[in-house]
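These notes are about the structure you will find just below.
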Amino acid sequence: TNTNQNAAFLRNPARDAYIAIDGCYSNPAGVGFMSQGWHLGFDIQSAYQKRTVETFFPYFQGGVVNGVENGLNQTKKFKGKATAPVIPSIDLARVGERWFATFHFGMSGGGGKCNFDDGLPSFESQVAMVPQLINILAPGAATGYAFDTHMQGRQYYFGGQFGVGYKISPNLSVSAGGRVVYADCNYYGYVRNISVKTAAGLIPAGKFFESQNMPHFAALAADRELNCDQTGWGFTPILGVDYKLGKLNLAAKYEFKTRLRLKNRSGENTSGLEEYDDGKKLAADIPAILTLGAKYDLKDYLRLSAGFHYYFDKQATQYASREEKLDGGGWEVLAGAEWDINDRVTVSAGWQTTNYGLGDNSRFISDISFVTNSNSVGLGARLKVSPRVALNVSYFKTIYTHYKREMADYNGIKETMGGMVTPLSQQLQAGAQQLQTIINNPQASEAERIVAQQQLGIISGALTAIQGVAAGLGAASTAGSDNFHRTNDVFGIGLEIDF
């Protein structure tokens, strides 16, 4: 959910009770107190983010990723960069004597593309286990691994918001409307060319398994690809109220939960992540939001404002009931001040603290998508170019806290590996039964029975190896941790025109 919908927010995020054109989004009921006529706002924001996952996993030691050595490091940083150079938004209002109408278009969620050039820890941790599996079968045979990887994601949630309102009295105004949301996402990544370090050098993992008379294990080190587009529509009903009490203005807005289902179109998904299977529909509700705001005119030239946002995250259904892994809903507290230096120049600054209901060691977040608690500061100015035209310029900086998650079994890797080995075991057992049928068939030729007996011996060896892998994997320590961190800088410029 993005609340930074315009440059005015960036210079003072506590906009929930302001009466201005940006209120088409933040305070639609307050628009009724603007001067009669047409009002237009057009804004462009530029956002730059860095997302870092610092992961401890003991088996990273000795790895080579995209040609770069991990060395002896068991802790590794996975860095992602997200840029959105142009994030546009439009606000339009028509205010009459009592009735008024509002329109807003913006990026209500998502808003950019993030690239992890060296993949993600959840990817590499699985590759890092391949030498461990080999050493269970052939102790000391593998000393490390190498592979190529990349991951990128894109999320755009476009929101078109319409509303009408009525000024009941000179002090009270109400509004009702809704937002149409269109989600467009893509996830692309791969793990390729998995090799193992041996005394003879790097050997493709598949060929190594074959050299050890374990060709059935080659599938565990096969290339993996993900390329999935997700799209979906949703609708958000919105109610608002604004009440003026002398120099104090109070406002509230409630956005109902948006039921959203994303449909997958996967060109290829051999990642093993069922969430991205072709044709699958995923629950991805946008939570209901309650916003409360207050603005007080301390002087004719000085205004103070405050706000509170609550997100009903636990009531917003997610894929695999992920919302149940939250401790509670998210909330924000906002405060700001605005000072008119003269008739033409206004400066402002504000602060926002955001708290997500993650709890400890949250399974709600993942390295593909994560949030952490934060504090943000914004500052900027409004320049009155003419009696009917004004320009907003602003900067918004978010300082995120680090969030550390410790796991006794890193990302459930034992379960993941078991999920890969179990089907192989079942397949081999089925093959063994077929071969045994041939051997016991009196009508089979001697040559057929000899071949079947040879193949059965290979399968029996593989099944014994699988049992050894399962036992060794169960005894191995796969404890690990993720330390999540982000940075965010947003620049904004906006134009306001009264007709």
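To keep it simple, each residue is scored yes or no on (1) among the basic types (Lys, Arg); (2) open to solvent by less than 50 Å² (accessible area, probe 1.4 Å); (3) at pLDDT below 95.
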{"position": "Val345", "(1), (2), (3)": "no, yes, no"}
{"position": "Ser348", "(1), (2), (3)": "no, yes, no"}
{"position": "Gln352", "(1), (2), (3)": "no, yes, no"}
{"position": "Gly357", "(1), (2), (3)": "no, yes, yes"}
{"position": "Asp360", "(1), (2), (3)": "no, no, yes"}
{"position": "Ser366", "(1), (2), (3)": "no, yes, yes"}
{"position": "Phe370", "(1), (2), (3)": "no, yes, yes"}
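Right, Leu282: within 30 Å of Ser122 (Cα to Cα), assigned to a strand (DSSP E or B) and of a type outside the set (Lys, Arg) or not? Yes, satisfied. Taken together, the residues in the stretch 290-327 that are open to solvent by less than 20 Å² (accessible area, probe 1.4 Å) and under 19 Å from the mean Cα position of the chain (by Cα) amount to 3.
Would you pick out the residues in the stretch 323-355 that are among the small types (Gly, Ala, Ser) and within 30 Å of Arg405 (Cα to Cα)? Those that are among the small types (Gly, Ala, Ser) and within 30 Å of Arg405 (Cα to Cα): Gly328, Gly329, Gly330. For the stretch 174-194, the set of residues classified as in contact (Cβ under 8 Å) with a residue 60 or more places away in the chain and over 25 Å from Ala283 (Cα atoms) consists of Val174, Ser175, Ala176, Val191, Ile194, listed by residue number.
Where residues in the stretch 81-104 are open to solvent by less than 70 Å² (accessible area, probe 1.4 Å), touching a residue at least 40 places away in the same chain (Cβ under 8 Å) and within 23 Å of the chain's Cα centre (by Cα), which of them is nearest to Gly41 (Cα to Cα)? That would be Ser89.
Contact map, the stretch 388-410: first residue under 30 Å from Met34 (Cα atoms) and touching a residue at least 40 places away in the same chain (Cβ under 8 Å), second residue among the aromatic types (Phe, Trp, Tyr) and open to solvent by 20 Å² or more (accessible area, probe 1.4 Å), Cβ cut-off under 9 Å, separation 6 or more or different chains; pairs are Arg388/Phe499; Val393/Phe491; Ser394/Phe491; Tyr395/Phe491; Phe396/Phe491. Restricted to the stretch 287-391, the set of strands (runs of 3 or more DSSP E) holding at least 3 residues that are of a type in the set (Gly, Ala, Ser) comprises 302-311, 330-340, 345-355, 374-386.
Count, please, the residues in the stretch 150-181 that happen to be at pLDDT below 95 and β-branched (Val, Ile, Thr). Selection size over the stretch 150-181: 0. Scanning the stretch 164-183 for residues that are part of a strand (DSSP E or B) and under 26 Å from Phe123 (Cβ atoms) turns up at least one hit.
The set of residues in the stretch 59-91 that are modelled with pLDDT under 90 and β-branched (Val, Ile, Thr) contains only Thr83. Yes or no: the stretch 356-372 includes at least one residue that is in contact with a Ser or Thr (Cβ under 6 Å, 6 or more places away or on another chain) and under 30 Å from Phe217 (Cα atoms). Looking for residues that are in contact with a Ser or Thr (Cβ under 6 Å, 6 or more places away or on another chain) and under 30 Å from Phe217 (Cα atoms), one finds at least one in the stretch 356-372, hence yes. Phe491 fulfils the conditions (1) under 30 Å from Arg344 (Cβ atoms); (2) more than 31 Å from the chain's Cα centre (by Cα); (3) surrounded by 15 or more Cβ atoms within 10 Å (Cβ to Cβ) except for a single criterion, (2).
Do you know which residues across the stretch 472-488 are more than 22 Å from the chain's Cα centre (by Cα) and either among the basic types (Lys, Arg) or not in a strand (DSSP E or B) (or both)? Across the stretch 472-488, the qualifying residues are Gly472, Leu473, Gly474, Ala475, Ala476, Ser477, Ala479. Evaluation of Leu334 against the conditions (1) within 20 Å of Tyr18 (Cβ to Cβ); (2) surrounded by fewer than 19 Cβ atoms within 10 Å (Cβ to Cβ); (3) of a type in the set (A, V, I, L, M) shows that the sole unmet condition is (2). Within the stretch 402-417, at least one residue is closer than 30 Å to Val333 by Cβ and either exposed (fewer than 13 other Cβ atoms within 10 Å of the Cβ) or hydroxyl-bearing (Ser, Thr, Tyr) (or both). Test Ile413 against the stated conditions and say whether it is out of contact with any Asp or Glu (no Cβ under 9 Å at 6 or more places or on another chain) and not small (Gly, Ala, Ser). Spelling it out, Ile413 is indeed out of contact with any Asp or Glu (no Cβ under 9 Å at 6 or more places or on another chain) and not small (Gly, Ala, Ser). In the stretch 429-437, is there at least one residue being buried (at least 17 other Cβ atoms within 10 Å of the Cβ) and under 24 Å from Ser305 (Cβ atoms)? The answer is no; no qualifying residue exists. Of everything in the stretch 8-62, what is outside any loop (DSSP other than H, G, I, E, B), hydroxyl-bearing (Ser, Thr, Tyr) and farther than 21 Å from Pro88 by Cα? Give them in sequence order. Hits for the stretch 8-62 are Thr52, Thr55, Tyr59. Considering only residues in the stretch 241-256 that are touching a strand residue (DSSP E or B) at 6+ places or on another chain (Cβ under 7 Å) and part of a loop (DSSP other than H, G, I, E, B), the one that is surrounded by the most Cβ atoms within 10 Å (Cβ to Cβ) turns out to be Phe256.
Residues in the stretch 221-240 that are more than 25 Å from the chain's Cα centre (by Cα) and under 30 Å from Arg154 (Cβ atoms) were compared, and the one that is surrounded by the most Cβ atoms within 10 Å (Cβ to Cβ) is Ala221.
Which of the residues belonging to the stretch 358-403 are among the polar types (S, T, N, Q) and touching a Leu at 6+ places or on another chain (Cβ under 7 Å)? Result: Ser394, single match.
Does Asp277 satisfy the condition of being in contact with a Lys or Arg (Cβ under 8 Å, 6 or more places away or on another chain), open to solvent by 50 Å² or more (accessible area, probe 1.4 Å) and modelled with pLDDT under 95? Spelling it out, it is not the case that Asp277 is in contact with a Lys or Arg (Cβ under 8 Å, 6 or more places away or on another chain), open to solvent by 50 Å² or more (accessible area, probe 1.4 Å) and modelled with pLDDT under 95. Filtered by the rule that a residue be free of Cβ contacts under 8 Å to residues at least 24 places away in the same chain and in a strand (DSSP E or B), the stretch 195-212 gives Gly201, Ile203, Pro204.
The values are calculated or read from the model by the stated rules, or taken from the named source; none is laboratory data. Only a predicted model underlies this, so the values are computations on that prediction, with no experimental measurement involved. Neighbour counts are summed over all protein chains in view; Cβ atoms, including those assigned to glycine, are modelled from backbone coordinates with ideal geometry. The protein model used for the area step is the full one, side chains on, heavy atoms only, and it has no ligands, DNA or RNA in it. Shrake-Rupley method; radii C 1.70, N 1.55, O 1.52, S 1.80 Å.
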